[in-house]
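Where a number appears in this text, it was derived from the coordinates with a stated rule and is not lab data. None of these values were measured; they are calculated from a predicted model. Don't worry about glycine lacking a Cβ; one is built from the backbone with ideal geometry, like all the others, and counts go over all protein chains shown.
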Amino acid sequence: MSAVLVLIDHHDGVLSKGSLELLTKARELGEVSAVFCGAGIEVARPALAEYGAATVFVVEGDATDRHPVAPTVGVLAALVEAHAPAVVLVVATIEGREVAGRLAVRLGSGVITDAVGIDADLVCDQQVFGGSTLVRSRVKRGTPVIAVRPNSWPAAPSPSTPAEVTVQPAPAASDVLATVVERVREAAGDRPDLADATIVVSGGRGLGNAEGFGLVEALADRLGAAVGASRAVTDAGWYPHAAQVGQTGRTVSPSLYVAVGISGAIQHRAGMQTSKTIVVVNKDREAPLFELADFGIVGDAHTVIPALLAELDRLST
Amino acid sequence: MLLVGNIERMEPLSIVVCIKQVPDSWAEKSLRPRDLRLDRDAADAVLNELDEYAVEEALRLQESRGGETTVTVLSMGPARTAETLRKALSMGAGAAIHLVDDGLEGTDAVGTSYALAQALATVPYDMVILGSESTDARMSVVPAMLAERLGVAQLTHARKVTLDGTTVTIERVTDDGYATVRAELPAVVSVVEKINEPRYPNFKGIMAAKKRPFTTLALAEIGAEAAQLGLAGAGTEVVEATKAPARSAGDISDDDGTGGARLAAFLVAKGFVS
Ligand SMILES: Cc1cc2nc3c(=O)[nH]c(=O)nc-3n(C[C@H](O)[C@H](O)[C@H](O)COP(=O)(O)OP(=O)(O)OC[C@H]3O[C@@H](n4cnc5c(N)ncnc54)[C@H](O)[C@@H]3O)c2cc1C
Ligand SMILES: Nc1ncnc2c1ncn2[C@@H]1O[C@H](COP(=O)(O)O)[C@@H](O)[C@H]1O
């Protein structure tokens, strides 16, 4: 059975939900070779075994952390050369997408980004033009490189006892030209990460101010959801930029997306349009986001959300 | 925001901005039944929104650097892409290069980065600035691919660019915040919309644009291998495209005082509340 190379996306060894989904899919496609860069392998080991990795390539040193994208590409390219996998899978994060793109250039391969499905012949499903068109495409040159959108299928464990292989990165001089001086986390507290969340509650300018935005945070916490925001909110500094959903923010496709006081500009829709169920609360019936809503309340967020929270409390007692 | 320091060491720079013409984002997009490619003739074509921010950043850099610093815009695309290049000239770019050739039709992102890299071999550059994403392809990969091809520093997804002499520092947007990333020129930079507020071309700019150098390049002039370009040279192929079923109309109602309670009932019925 040929190998499937999976680049693991994680925070200090805690695998993202996207990584678990990739491992699940990779088991259907071949023998799973996970590639782990950065610190935290001790934390990651149990999850890699639980989700069925046959081999774990543990990349030594901090080159892949100190220099964005390029050294990781070097590691993957060397592994492709040595092991001729059937396909390379990465999670379609900001960094993952760029790794996929550069790797395809280095290997002379084709690359597919934002796959939401992959069949046994490596034909990928993609949703384009805001989900209005479904495309099936495949890589026709070289080792296929595929960046997969999180939340595209469920993750399921299938325990294994992985063999661990250490890898010494040997980045080229041109791979270490850009250096990370500092990393700053802006995402708030213990809430789930946007990309991983099953439920996202997002707020817009209609909340009025940072205190008003607190209603969105309260609802998110009640539902165990991630908090999202429109650009109007991140520009105003009511919530960190990392939470921006949309064309130039994060693209999410949770089971439930609740939008409060967001008008639904095309740039916002680009990031949430493929959510499975969409709920909209807006005081203007003409707000374009209602066009996408499965359930909508035309009303003032400052009365509707507190009433919703009170009702949820009442139902749970 | 752009900050420039260290006045003594301010050598003039050559900045090239890669811009793309895309269908208007509000227009309905569809694939041509014939070859499953984006029907570009059906929609109005505009300058990719984020590329306006890239042009703006280059102009601010030029203004603060002063002297001989140049801004050239480069675009690959069919004949009507010339309009988009003119728009960037009217914003204030000093020269335009249009890469146009029948052999480019159907080129994918890998091929686009190859063609742009070949074209960049014909112009000196210290910094190449791009948008971080095109609204039609939405792949967000061309800037990283271009850095790979050129073998220069990749400083992408910048929400802030600071230039000090020949050292460039950016705030790179990450999935949970940002990273401060630094490199020496030359570099490939891509920008997100938080970076600045693009200017509108004024009448003077529109008139001046008509007199600016405008170079048209064909594939033979940049020494690009045709086999890596066009539909035949693409690394991927679309095997099937179907229209997604239209979303069924939602249940939208006015808040008559029961809105919150009805919303709670909806969430419970759908199993979203535990
Ligand atoms: C290059 C570019 C990239 C962009 N990228 C993004 C992006 O990634 N993400 C993004 O979100 N935007 C993006 N934008 C901005 C986008 O165009 C919109 O400006 C933005 O999404 C508007 O945010 P909003 O819906 O919160 O604000 P508004 O459009 O001002 O809407 C506020 C809404 O709140 C409603 N409202 C007001 N008061 C209340 C109340 N009391 N209760 C209930 N509802 C109320 C109003 O009816 C209105 O519909 C981008 C723009 C550009 C040019
Ligand atoms: N045909 C093109 N000509 C010039 N620049 C391009 C072209 N295609 C993409 N780009 C640049 O690459 C950026 C990212 O595009 P993409 O990777 O397609 O999302 C765009 O914002 C442009 O700056």
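Which percent, nearest 5, of DSSP beta bridges in the protein assembly as shown are antiparallel?
So the antiparallel bridges amount to about 35 percent of the total.
Helix B:49-65 versus the longest principal axis of chain B: what is the Cα-based angle in degrees, 0 to 90, to the nearest 10?
Taking Cα atoms only, the helix is inclined about 40 degrees.
So what's the angle, to the nearest 10 degrees on a 0 to 90 scale, between helix B:259-269 and the longest Cα principal axis of chain B?
Long axis of B:259-269 versus the principal axis of chain B: about 90 degrees.
Across all directions of projection, what mean area in square nanometres is found for the Cα convex hull of segment A:75-155?
5.7
Extending each Cα 7 Å along its Cβ direction at B:ARG199 and A:GLU60, get the distance between those two points in nm, one decimal.
With each label point 7 Å from Cα toward Cβ, the separation is 5.4 nm.
If I take R0 = 45 Å and measure r between the Cβ atoms of A:LYS140 and B:SER248 in this structure, what FRET efficiency does the formula 1/(1 + (r/R0)^6) give, to the nearest 0.05?
0.80
As an exercise, use a Förster radius of 25 Å and the Cβ-Cβ distance of B:THR216 and B:SER14 to find the FRET efficiency, rounded to the nearest 0.05.
For B:THR216 and B:SER14, the calculated efficiency is 0.80.
Calculate I(q)/I(0) for the protein assembly as shown by the Debye formula, one identical point scatterer on each C-alpha and no solvent, and give its log10 at q = 0.09 Å⁻¹ to two decimals.
Values, matching the q order: -0.71.
If you build a Gaussian network model of chain B, linking Cα atoms that sit under 10 Å apart, which residue out of B:VAL189, B:VAL16, B:VAL110 swings the most?
Highest fluctuation among the options: B:VAL110.
Give a quick list of GluC sites (Glu not before Pro) in segment A:188-289 that DSSP marks as loop, anything other than H, G, I, E or B, with at most 15 other Cβ atoms within 10 Å.
Filter output for segment A:188-289: A:GLU286.
Please give the calculated 222 nm ellipticity per residue for the protein assembly as shown, where each DSSP H segment of at least 4 residues contributes -39500 (n - 2.57) and the sum is spread over every residue; nearest 500 deg cm²/dmol?
-8500 deg cm²/dmol
Only four residue types carry charge here, +1 at the Cβ of Lys and Arg and -1 at the Cβ of Asp and Glu. Report the dipole size of the protein assembly as shown about the Cα centre in Debye, rounded to the nearest 20.
820
Can you grab the distance from the C-alpha centre of segment B:86-103 to the C-alpha centre of segment A:198-233, Å, no decimals?
Value for the Cα centre distance between the two parts: 42 Å.
So what is the relative contact order of chain B, in percent, for Cα pairs below 8 Å that sit 6 or more residues apart?
24
So for the pair A:ILE266, A:VAL181, with labels modelled 7 Å out along Cα→Cβ, what separation do we get in nm?
3.7
So which trypsin sites (Lys or Arg not before Pro) in segment B:202-267 pass both tests, a DSSP loop state and at most 14 other Cβ atoms within 10 Å of the Cβ?
B:LYS210, B:LYS211, B:ARG247
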